[in-house]
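One structure is given here, and the rest of the page talks about it.
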Amino acid sequence: MDRSLSPLARFLHRRSKKLGKGDPVTPPIIASTSFHLPGEPEASHVYARYGNPTVEDVEAGLSLFEEAETVLFPSGMAAIASLFHAHLRPGDRVLVHSDGYYNVRALLNRFFVPMGIRVETCPTRQMAYADLSGVRLVLAETPSNPVLDVCDISALARRAKACGALLAVDNTTATPLLQKPLDLGADFTVMADTKAMAGHSDILAGHVAGRDEALMEPIRAWRRLGGAVISPFDAFLLQRGLATAELRLARAGTTAMALATALRGMKEVTGLRYPGLPDDPSHQTAHAQMSGYGPVISFCLPGRDHAERFIAAHPLLTPATSFGGVHASAECRARWGDAVPDGFVRLSCGIEPTGEFVEATLAALEIAAARSV
Ligand SMILES: *Cc1c(COP(=O)(O)O)cnc(C)c1O
(Lines give C-alpha, C1' and ligand atoms only; values in the text may rest on other atoms or scores of the structure.)
Protein backbone atom coordinates (compact mmCIF):
# COMPACT_ATOMS: atom_id res chain seq x y z
CA MET A 1 0.00 0.00 0.00
CA ASP A 2 1.04 3.63 -0.63
CA ARG A 3 3.66 4.42 2.01
CA SER A 4 2.88 8.15 1.90
CA LEU A 5 -0.51 7.45 3.55
CA SER A 6 -0.80 7.82 7.32
CA PRO A 7 -0.58 4.67 9.47
CA LEU A 8 -4.26 5.07 10.41
CA ALA A 9 -5.43 5.40 6.77
CA ARG A 10 -3.36 2.35 5.85
CA PHE A 11 -4.68 0.42 8.86
CA LEU A 12 -8.31 1.18 7.98
CA HIS A 13 -7.88 0.15 4.34
CA ARG A 14 -5.34 -2.64 4.67
CA ARG A 15 -7.90 -5.21 3.49
CA SER A 16 -9.92 -3.19 0.98
CA LYS A 17 -7.78 -3.72 -2.10
CA LYS A 18 -7.06 -7.38 -1.46
CA LEU A 19 -10.67 -8.56 -1.26
CA GLY A 20 -12.36 -10.69 -3.86
CA LYS A 21 -16.03 -10.27 -4.69
CA GLY A 22 -18.09 -11.59 -1.78
CA ASP A 23 -15.22 -11.60 0.73
CA PRO A 24 -15.97 -10.25 4.23
CA VAL A 25 -14.97 -6.62 4.64
CA THR A 26 -14.30 -7.06 8.37
CA PRO A 27 -11.40 -9.37 9.20
CA PRO A 28 -12.76 -12.77 10.23
CA ILE A 29 -11.93 -14.48 13.51
CA ILE A 30 -10.07 -17.69 12.67
CA ALA A 31 -10.28 -19.81 15.80
CA SER A 32 -8.55 -22.91 14.44
CA THR A 33 -5.53 -24.15 16.38
CA SER A 34 -4.56 -26.69 13.74
CA PHE A 35 -4.26 -26.37 9.98
CA HIS A 36 -4.57 -28.81 7.09
CA LEU A 37 -1.10 -30.31 6.99
CA PRO A 38 -0.55 -33.49 4.98
CA GLY A 39 3.02 -34.67 4.34
CA GLU A 40 5.92 -32.46 5.36
CA PRO A 41 5.01 -29.88 8.05
CA GLU A 42 5.64 -26.87 5.84
CA ALA A 43 2.78 -24.43 5.28
CA SER A 44 1.81 -20.82 5.98
CA HIS A 45 0.24 -22.10 9.23
CA VAL A 46 0.93 -25.32 11.09
CA TYR A 47 -0.22 -24.85 14.70
CA ALA A 48 -1.64 -21.79 16.46
CA ARG A 49 1.19 -21.37 18.97
CA TYR A 50 3.46 -20.90 15.94
CA GLY A 51 1.06 -18.54 14.21
CA ASN A 52 -2.65 -17.84 13.72
CA PRO A 53 -3.99 -15.77 10.78
CA THR A 54 -6.16 -13.51 12.98
CA VAL A 55 -3.30 -12.78 15.38
CA GLU A 56 -0.93 -12.18 12.46
CA ASP A 57 -3.39 -9.76 10.86
CA VAL A 58 -3.55 -7.70 14.06
CA GLU A 59 0.24 -7.77 14.37
CA ALA A 60 0.45 -6.46 10.81
CA GLY A 61 -1.96 -3.68 11.81
CA LEU A 62 0.11 -2.77 14.87
CA SER A 63 3.21 -2.81 12.67
CA LEU A 64 1.69 0.01 10.63
CA PHE A 65 1.40 2.18 13.75
CA GLU A 66 4.85 1.20 15.04
CA GLU A 67 6.49 1.21 11.58
CA ALA A 68 8.35 -1.83 12.88
CA GLU A 69 8.08 -5.57 13.32
CA THR A 70 5.57 -6.27 16.09
CA VAL A 71 5.07 -9.34 18.27
CA LEU A 72 1.70 -9.49 20.01
CA PHE A 73 1.25 -10.95 23.51
CA PRO A 74 -1.73 -11.79 25.74
CA SER A 75 -0.87 -8.92 28.15
CA GLY A 76 1.51 -6.03 28.61
CA MET A 77 3.39 -7.95 31.29
CA ALA A 78 3.79 -10.97 28.97
CA ALA A 79 5.38 -8.60 26.43
CA ILE A 80 7.74 -7.17 29.06
CA ALA A 81 8.58 -10.65 30.39
CA SER A 82 9.46 -11.77 26.86
CA LEU A 83 11.92 -8.90 26.58
CA PHE A 84 13.65 -9.90 29.82
CA HIS A 85 13.69 -13.60 28.93
CA ALA A 86 14.96 -12.98 25.41
CA HIS A 87 17.68 -10.47 26.24
CA LEU A 88 18.93 -10.97 29.83
CA ARG A 89 21.49 -13.57 30.92
CA PRO A 90 22.99 -14.34 34.36
CA GLY A 91 25.41 -11.61 35.38
CA ASP A 92 23.69 -8.94 33.24
CA ARG A 93 22.70 -5.60 34.73
CA VAL A 94 19.29 -4.21 33.89
CA LEU A 95 18.21 -0.64 34.68
CA VAL A 96 14.50 0.04 35.10
CA HIS A 97 12.36 2.95 36.28
CA SER A 98 11.87 3.26 40.05
CA ASP A 99 8.58 5.14 39.67
CA GLY A 100 6.84 3.45 36.71
CA TYR A 101 4.61 0.38 36.54
CA TYR A 102 5.44 -1.51 39.75
CA ASN A 103 4.86 -5.05 38.45
CA VAL A 104 7.96 -4.68 36.28
CA ARG A 105 10.16 -4.41 39.38
CA ALA A 106 8.17 -7.15 41.14
CA LEU A 107 8.73 -9.51 38.19
CA LEU A 108 12.46 -8.83 38.07
CA ASN A 109 12.95 -9.13 41.84
CA ARG A 110 10.94 -12.31 42.19
CA PHE A 111 12.15 -14.29 39.19
CA PHE A 112 15.22 -12.70 37.57
CA VAL A 113 17.31 -11.63 40.57
CA PRO A 114 17.45 -15.28 41.82
CA MET A 115 18.80 -16.23 38.36
CA GLY A 116 21.72 -13.84 38.73
CA ILE A 117 20.39 -10.74 36.98
CA ARG A 118 21.36 -7.50 38.73
CA VAL A 119 18.51 -5.00 38.89
CA GLU A 120 19.07 -1.27 39.29
CA THR A 121 16.42 1.41 39.40
CA CYS A 122 16.34 5.11 38.59
CA PRO A 123 13.61 7.77 38.71
CA THR A 124 12.16 8.47 35.26
CA ARG A 125 13.14 12.12 35.24
CA GLN A 126 16.81 11.21 35.88
CA MET A 127 16.96 8.24 33.52
CA ALA A 128 18.60 10.16 30.67
CA TYR A 129 21.52 11.04 32.98
CA ALA A 130 22.01 7.59 34.56
CA ASP A 131 25.36 5.82 34.42
CA LEU A 132 24.85 3.01 31.89
CA SER A 133 28.35 1.57 31.84
CA GLY A 134 28.10 -2.22 31.96
CA VAL A 135 24.30 -2.17 31.63
CA ARG A 136 22.82 -4.74 29.22
CA LEU A 137 19.23 -3.45 29.01
CA VAL A 138 17.42 -0.26 30.02
CA LEU A 139 13.65 -0.11 30.37
CA ALA A 140 12.30 3.43 30.58
CA GLU A 141 8.63 4.33 30.93
CA THR A 142 7.63 7.77 29.68
CA PRO A 143 5.32 9.33 30.70
CA SER A 144 5.59 7.19 33.81
CA ASN A 145 2.58 5.57 35.41
CA PRO A 146 1.23 6.90 37.76
CA VAL A 147 3.19 10.13 38.38
CA LEU A 148 3.61 11.19 34.70
CA ASP A 149 7.26 12.12 34.81
CA VAL A 150 9.01 12.12 31.46
CA CYS A 151 12.51 11.28 30.28
CA ASP A 152 14.28 12.47 27.16
CA ILE A 153 14.22 9.39 24.92
CA SER A 154 16.76 10.67 22.34
CA ALA A 155 19.29 11.58 25.03
CA LEU A 156 18.80 8.24 26.77
CA ALA A 157 19.15 6.37 23.43
CA ARG A 158 22.44 8.15 22.69
CA ARG A 159 23.85 7.18 26.08
CA ALA A 160 22.61 3.61 25.77
CA LYS A 161 24.22 3.29 22.34
CA ALA A 162 27.51 4.70 23.63
CA CYS A 163 27.53 2.11 26.46
CA GLY A 164 26.39 -0.84 24.35
CA ALA A 165 23.10 -1.11 26.27
CA LEU A 166 19.80 -2.00 24.65
CA LEU A 167 17.00 0.51 25.21
CA ALA A 168 13.34 -0.44 25.56
CA VAL A 169 10.64 2.17 26.18
CA ASP A 170 7.30 1.26 27.78
CA ASN A 171 4.98 3.35 25.61
CA THR A 172 1.70 2.40 27.34
CA THR A 173 0.69 5.87 28.53
CA ALA A 174 1.52 7.59 25.23
CA THR A 175 0.93 4.83 22.59
CA PRO A 176 2.60 4.95 19.15
CA LEU A 177 -0.11 7.43 18.11
CA LEU A 178 1.41 10.11 20.35
CA GLN A 179 5.06 9.07 20.70
CA LYS A 180 7.48 7.06 18.54
CA PRO A 181 10.37 5.85 20.71
CA LEU A 182 11.83 3.83 17.82
CA ASP A 183 12.22 7.04 15.78
CA LEU A 184 14.06 8.55 18.75
CA GLY A 185 16.63 5.74 18.88
CA ALA A 186 15.08 3.10 21.16
CA ASP A 187 15.70 -0.54 20.19
CA PHE A 188 12.27 -1.71 21.39
CA THR A 189 8.93 -0.37 22.39
CA VAL A 190 6.93 -2.51 24.78
CA MET A 191 3.42 -1.73 25.88
CA ALA A 192 0.10 -2.79 27.27
CA ASP A 193 -2.50 -2.66 24.50
CA THR A 194 -4.92 -3.44 27.33
CA LYS A 195 -5.15 0.31 27.96
CA ALA A 196 -5.77 2.94 25.27
CA MET A 197 -5.02 0.85 22.18
CA ALA A 198 -7.77 -1.73 22.82
CA GLY A 199 -9.58 1.01 24.70
CA HIS A 200 -12.76 -0.71 25.89
CA SER A 201 -11.56 -2.31 29.14
CA ASP A 202 -12.48 -5.79 27.89
CA ILE A 203 -9.23 -7.53 26.88
CA LEU A 204 -5.63 -7.88 28.02
CA ALA A 205 -2.99 -7.49 25.32
CA GLY A 206 0.53 -6.19 24.82
CA HIS A 207 3.26 -6.07 22.24
CA VAL A 208 6.97 -5.65 21.60
CA ALA A 209 8.05 -3.74 18.48
CA GLY A 210 11.50 -3.22 17.02
CA ARG A 211 13.30 -2.60 13.73
CA ASP A 212 16.29 -4.91 14.23
CA GLU A 213 15.37 -8.40 13.06
CA ALA A 214 18.14 -10.02 15.08
CA LEU A 215 16.82 -8.43 18.29
CA MET A 216 13.21 -9.36 17.52
CA GLU A 217 13.87 -13.01 16.60
CA PRO A 218 14.39 -14.18 20.22
CA ILE A 219 11.22 -12.34 21.29
CA ARG A 220 9.20 -14.29 18.73
CA ALA A 221 11.00 -17.53 19.65
CA TRP A 222 10.27 -16.95 23.33
CA ARG A 223 6.57 -16.55 22.56
CA ARG A 224 6.51 -19.74 20.50
CA LEU A 225 8.37 -21.77 23.13
CA GLY A 226 7.06 -20.08 26.27
CA GLY A 227 3.51 -20.18 24.91
CA ALA A 228 2.35 -16.63 25.76
CA VAL A 229 -0.04 -16.47 22.80
CA ILE A 230 -3.09 -14.20 22.60
CA SER A 231 -6.44 -15.72 21.66
CA PRO A 232 -7.80 -14.83 18.21
CA PHE A 233 -11.00 -13.53 19.86
CA ASP A 234 -9.02 -11.04 21.96
CA ALA A 235 -6.88 -10.15 18.94
CA PHE A 236 -10.09 -9.38 17.05
CA LEU A 237 -11.25 -7.02 19.80
CA LEU A 238 -7.87 -5.33 19.76
CA GLN A 239 -8.06 -4.67 16.02
CA ARG A 240 -11.54 -3.21 16.53
CA GLY A 241 -10.10 -0.90 19.20
CA LEU A 242 -7.19 0.14 16.98
CA ALA A 243 -9.59 1.51 14.37
CA THR A 244 -10.84 4.17 16.79
CA ALA A 245 -7.76 4.64 18.99
CA GLU A 246 -6.77 7.93 17.39
CA LEU A 247 -10.28 9.41 17.74
CA ARG A 248 -10.61 8.21 21.34
CA LEU A 249 -7.18 9.51 22.30
CA ALA A 250 -7.91 12.87 20.69
CA ARG A 251 -11.10 13.31 22.75
CA ALA A 252 -9.57 12.00 25.96
CA GLY A 253 -6.50 14.20 25.46
CA THR A 254 -8.64 17.29 24.91
CA THR A 255 -10.58 16.50 28.07
CA ALA A 256 -7.40 15.82 30.08
CA MET A 257 -5.94 19.17 29.01
CA ALA A 258 -9.16 21.06 29.79
CA LEU A 259 -9.47 19.32 33.13
CA ALA A 260 -5.84 19.89 34.12
CA THR A 261 -6.24 23.57 33.22
CA ALA A 262 -9.43 23.84 35.28
CA LEU A 263 -7.87 22.07 38.30
CA ARG A 264 -4.94 24.49 38.42
CA GLY A 265 -6.95 27.10 40.23
CA MET A 266 -8.48 24.79 42.87
CA LYS A 267 -7.03 25.35 46.32
CA GLU A 268 -7.45 21.76 47.58
CA VAL A 269 -5.65 20.37 44.51
CA THR A 270 -1.87 20.05 44.88
CA GLY A 271 0.85 18.26 42.92
CA LEU A 272 -1.18 18.46 39.72
CA ARG A 273 0.61 16.67 36.87
CA TYR A 274 -0.17 16.63 33.16
CA PRO A 275 2.67 16.76 30.63
CA GLY A 276 0.52 18.98 28.41
CA LEU A 277 0.40 21.85 30.93
CA PRO A 278 2.96 24.47 29.82
CA ASP A 279 4.32 24.82 33.37
CA ASP A 280 4.46 21.09 34.14
CA PRO A 281 8.02 19.93 34.97
CA SER A 282 7.67 17.34 32.15
CA HIS A 283 6.35 19.74 29.54
CA GLN A 284 9.48 20.78 27.66
CA THR A 285 10.70 17.24 27.09
CA ALA A 286 7.18 15.94 26.47
CA HIS A 287 6.53 18.69 23.92
CA ALA A 288 9.73 17.78 22.05
CA GLN A 289 8.96 14.07 21.76
CA MET A 290 5.17 13.68 21.92
CA SER A 291 2.45 14.79 19.50
CA GLY A 292 -0.21 14.70 22.23
CA TYR A 293 -0.21 14.13 25.97
CA GLY A 294 -2.65 11.28 26.57
CA PRO A 295 -5.71 10.66 28.72
CA VAL A 296 -4.17 10.50 32.21
CA ILE A 297 -3.69 13.26 34.77
CA SER A 298 -2.67 12.98 38.40
CA PHE A 299 -3.09 15.21 41.45
CA CYS A 300 -3.35 15.15 45.23
CA LEU A 301 -6.32 15.96 47.43
CA PRO A 302 -5.94 16.56 51.19
CA GLY A 303 -5.92 12.89 52.28
CA ARG A 304 -7.33 9.54 51.28
CA ASP A 305 -10.87 10.15 52.61
CA HIS A 306 -11.15 13.40 50.71
CA ALA A 307 -9.97 11.69 47.52
CA GLU A 308 -12.40 8.77 47.97
CA ARG A 309 -15.25 11.23 48.58
CA PHE A 310 -14.35 13.04 45.36
CA ILE A 311 -14.36 9.82 43.31
CA ALA A 312 -17.64 8.67 44.88
CA ALA A 313 -19.34 12.06 44.31
CA HIS A 314 -18.38 12.18 40.61
CA PRO A 315 -21.24 10.94 38.41
CA LEU A 316 -18.92 10.23 35.45
CA LEU A 317 -16.04 8.53 37.18
CA THR A 318 -15.74 4.76 37.55
CA PRO A 319 -13.78 3.84 40.68
CA ALA A 320 -11.44 1.33 39.04
CA THR A 321 -7.82 0.68 38.25
CA SER A 322 -6.31 0.85 34.75
CA PHE A 323 -6.67 3.70 32.24
CA GLY A 324 -7.22 4.49 28.58
CA GLY A 325 -10.79 3.16 28.44
CA VAL A 326 -13.87 4.81 26.95
CA HIS A 327 -15.23 5.55 30.44
CA ALA A 328 -13.35 7.93 32.71
CA SER A 329 -11.97 6.20 35.78
CA ALA A 330 -9.94 7.12 38.85
CA GLU A 331 -8.35 5.62 41.93
CA CYS A 332 -6.12 6.38 44.90
CA ARG A 333 -2.82 4.77 43.93
CA ALA A 334 -1.67 4.54 47.56
CA ARG A 335 -3.98 1.52 47.87
CA TRP A 336 -1.53 -0.44 45.68
CA GLY A 337 1.53 0.66 47.62
CA ASP A 338 2.84 3.14 45.00
CA ALA A 339 5.21 5.66 46.57
CA VAL A 340 2.69 8.51 46.43
CA PRO A 341 0.79 10.54 49.06
CA ASP A 342 -2.46 9.10 50.50
CA GLY A 343 -4.60 11.63 48.64
CA PHE A 344 -2.89 10.98 45.26
CA VAL A 345 -5.46 10.40 42.51
CA ARG A 346 -4.72 9.01 39.06
CA LEU A 347 -7.56 10.00 36.75
CA SER A 348 -8.02 8.66 33.23
CA CYS A 349 -10.27 10.71 30.98
CA GLY A 350 -12.60 8.77 28.69
CA ILE A 351 -14.57 9.88 25.67
CA GLU A 352 -17.28 11.72 27.63
CA PRO A 353 -18.11 15.18 26.22
CA THR A 354 -15.30 17.43 27.45
CA GLY A 355 -17.32 20.31 28.91
CA GLU A 356 -19.72 18.01 30.69
CA PHE A 357 -16.88 16.01 32.22
CA VAL A 358 -14.94 19.05 33.44
CA GLU A 359 -18.08 20.57 35.00
CA ALA A 360 -18.94 17.30 36.74
CA THR A 361 -15.39 17.11 38.09
CA LEU A 362 -15.47 20.60 39.54
CA ALA A 363 -18.87 19.88 41.12
CA ALA A 364 -17.58 16.63 42.66
CA LEU A 365 -14.58 18.48 44.10
CA GLU A 366 -16.95 20.96 45.70
CA ILE A 367 -19.04 18.19 47.26
CA ALA A 368 -15.92 16.41 48.54
CA ALA A 369 -14.60 19.67 50.06
CA ALA A 370 -17.96 20.63 51.65
CA ARG A 371 -18.15 17.27 53.43
CA SER A 372 -14.70 17.74 54.91
CA VAL A 373 -15.78 20.74 57.07
C1 LIG B 1 -0.87 -1.77 32.60
C2 LIG B 1 0.56 -1.55 32.31
C3 LIG B 1 1.41 -2.61 32.01
C4 LIG B 1 0.96 -4.07 32.07
O5 LIG B 1 -0.04 -4.37 31.18
P6 LIG B 1 -1.03 -5.63 31.41
O7 LIG B 1 -1.75 -5.75 30.13
O8 LIG B 1 -1.88 -5.30 32.59
O9 LIG B 1 -0.17 -6.82 31.70
C10 LIG B 1 2.74 -2.32 31.72
N11 LIG B 1 3.20 -1.06 31.72
C12 LIG B 1 2.41 -0.01 31.99
C13 LIG B 1 2.97 1.36 31.99
C14 LIG B 1 1.07 -0.22 32.32
O15 LIG B 1 0.30 0.83 32.63
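The values are calculated or read from the model by the stated rules, or taken from the named source; none is laboratory data. Please read all numbers here as calculations on a predicted model, not as lab measurements. Please note: Cβ atoms are built from the backbone with ideal geometry, for glycine as well, and neighbour counts cover all protein chains shown. These accessible areas exclude ligands, DNA and RNA; they are computed on the full protein's heavy atoms, side chains included. Shrake-Rupley method; radii C 1.70, N 1.55, O 1.52, S 1.80 Å.
Values as computed for the structure displayed
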item: Solvent-accessible area of V25 with every protein chain in place, 1.4 Å probe, in Å² to the nearest 10; result: 110
item: In degrees, nearest ten, helix 304-313 long axis to first principal axis of the chain (Cα); result: 80
item: Efficiency of FRET between T318 and E120 - r from beta-carbon atoms, R0 25 angstrom, step 0.05; result: 0.10
item: Zero-based 10 Å bins, Cα pair distances in the stretch 124-189, whole percents; result: 25, 59, 17, 0
item: Under-5 Å amide H pairs with L167, H placed in peptide plane, nonlocal only; result: V138, D187, F188
item: GNM flexibility winner over the chain from L72, L215, L247 (Cα, springs under 10 Å); result: L247
item: DSSP-loop trypsin sites (Lys or Arg not before Pro) across the stretch 178-286, with at most 10 other Cβ within 10 angstrom; result: K267
item: Hydrodynamic radius (Kirkwood) for the stretch 276-373, which is based on Cα pairs only, to one decimal in Å; result: 14.2
item: Alpha-carbon centroid distance for the pair the stretch 173-205 / the stretch 29-101, whole angstrom; result: 15
item: Residue order for K17, K180 - accessible surface, 1.4 angstrom probe, largest first; result: K17, K180
item: Equivalent ellipsoid semi-axes - Cα gyration tensor, the stretch 56-199, angstrom; result: 22, 17, 15
item: GNM flexibility winner over the chain from H13, H87, H306 (Cα, springs under 10 Å); result: H13
item: Accessible-area ranking of R158, R14, R3, R335, largest first, probe 1.4 Å; result: R3, R158, R335, R14
item: Cα-centred dipole magnitude for the stretch 270-373, charges only on beta-carbon of K, R (+1) and D, E (-1), debye, nearest 20; result: 240
item: Percent RCO, i.e. relative contact order, over the stretch 284-332, from Cα pairs under 8 Å lying at least 6 residues apart; result: 28
item: Approximate spin-label separation D279-R371, in nm, with each point projected 7 Å along Cα-to-Cβ; result: 3.1
item: FRET efficiency, 1/(1 + (r/R0)^6) with R0 45 Å, evaluated for H287 and L225 via beta carbons; result: 0.60
item: Solvent-accessible surface (1.4 angstrom probe) belonging to T54, in square angstrom, nearest 10; result: 10
item: Heavy-atom accessible area order for I311, I351, largest first, 1.4 Å probe; result: I351, I311
item: Sorted largest first, extent of the stretch 223-271 alpha carbons per principal axis (Å); result: 54, 25, 12
item: Rounded to 5, percent antiparallel among DSSP beta bridges of the chain; result: 50
item: Rounded to 10°, Cα long-axis angle of helix 53-66 versus longest principal axis of the chain; result: 60
item: The chain: most fluctuating residue of L249, L37, L132 per GNM, C-alpha cutoff 10 Å; result: L37
item: Furthest towards positive pole of dipole, L177, G164, A130, structure part the stretch 75-180, Cβ charges; result: G164
item: Cα-based helix-to-principal-axis angle, 153-163 vs the chain, degrees rounded to 10; result: 60
item: DSSP-defined beta bridges in the stretch 97-214 - what % are antiparallel, rounded to 5; result: 30
item: Rounded FRET efficiency, nearest 0.05, which uses the C-beta distance separating K21 from W336 and R0 of 56 Å; result: 0.55
item: Residues listed by number, the stretch 170-188, amide nitrogen under 12 Å from E213 label point at 7 Å toward C-beta; result: none
item: Cα Rg, Dmax, the stretch 140-273, angstrom units; result: 17.2, 55
item: From the C-alpha gyration tensor of the stretch 104-158, square roots of 5λ in Å; result: 21, 15, 7
item: Antiparallel DSSP beta bridges within the stretch 92-140, as percent of all bridges there, nearest 5; result: 0
item: Equivalent ellipsoid semi-axes - Cα gyration tensor, the stretch 1-107, angstrom; result: 33, 22, 12
item: The chain: radius of gyration over Cα atoms, expressed as a fraction of 2.2 N^0.38 Å; result: 1.02
